[in-house]
Each structure stands twice: as structure tokens, then as C-alpha cells.
Amino acid sequence: MPKEDKPASKPRAKKLTDTEQVAEFMSKLEHPLKVEIEAVRQIILNADPKISERIKWNAPSYYTTADLLTFNPRSQKNVHLVFHHVTIVQIKSALLEGDYKDRRMVYFTDMQDIENKKTELERILNEYVQLAG
């Protein structure tokens, strides 16, 4: 009995790196503040070399040895960051909103607001990385 030819297997798609996944997410994102989200993304990535990004919870998320913060892209009226590592409650800043026991929120309304808050956001991120590891 002749041996049947096997159908050619499909070439496997190369798995995207975490950063490539975030870049792809951003390229497909439809949001009125997309440019502002990208600006905040760059501030986060440049704040400390220990911070990495990936897609988690269906949004860009940032971590070191622990999960630190995530964008909430569902909010269409502002850029919304959720700082969700419990050590965030130890950092004092007017930017950090909410009195939750284990998280804080930061909001930006436009590019000017981002520019005005950039230095304080960088300070928070640096302290956060030191506390959370």
C-alpha cells in the first residue's frame, strides 16, 4: 500500500515578545487619548530600567519582579493608571488617588496634564520599584 503524502504543515507564527505584544495592542487601540496613553507608556518605560511591559488583563501592564501597574483603557475620558501592588499605599503623593487598602489610581486628562505631572510620576515610579522589588 503506498504511503500517503502528509499535508504540508502551516508555518508557525513567531511568538511576539512582551514589548511587541504591547506595541501591537497600541497599534490597534482605538481611543480618543491614544497619543497621551503612548506618552505615559514612554514615561513609565524610561523611569527605571527594571520596569518591563506586557499585556495582562487585556491592557498594557508593567512589572519588575512583581506586577506594579496597568492601564485601564476602558476609560475614554482620561488616561487611567491602576497601581495595584500593595506597597503603593506607602507612597505619599497628591497624584495617587483613592483610599483603597491595596491600590491607587492616577489620571491624566491631556498632554499638558501629562507634562505637568511627569516629574512626580517618575518619582512615584522610582520609589515604587524600590519598595516592590
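Taken together, the values in this text are just the output of simple stated rules run on the coordinates, not laboratory data. Fair warning: this is a prediction, and the values are worked out from it, not measured in the lab. Here Cβ is always computed from backbone atoms with ideal geometry, including for glycine, and neighbour counts include all displayed protein chains.
Here are some notes:
- ALA39 vs. criteria under 23 Å from GLN130 (Cβ atoms) and in contact (Cβ under 8 Å) with a residue 24 or more places away in the chain: no
- Of the listed requirements (1) part of a loop (DSSP other than H, G, I, E, B); (2) within 16 Å of ASN126 (Cα to Cα); (3) touching a helix residue (DSSP H, G or I) at 6+ places or on another chain (Cβ under 9 Å); (4) among the charged types (D, E, K, R), GLU53 misses just one: (1).
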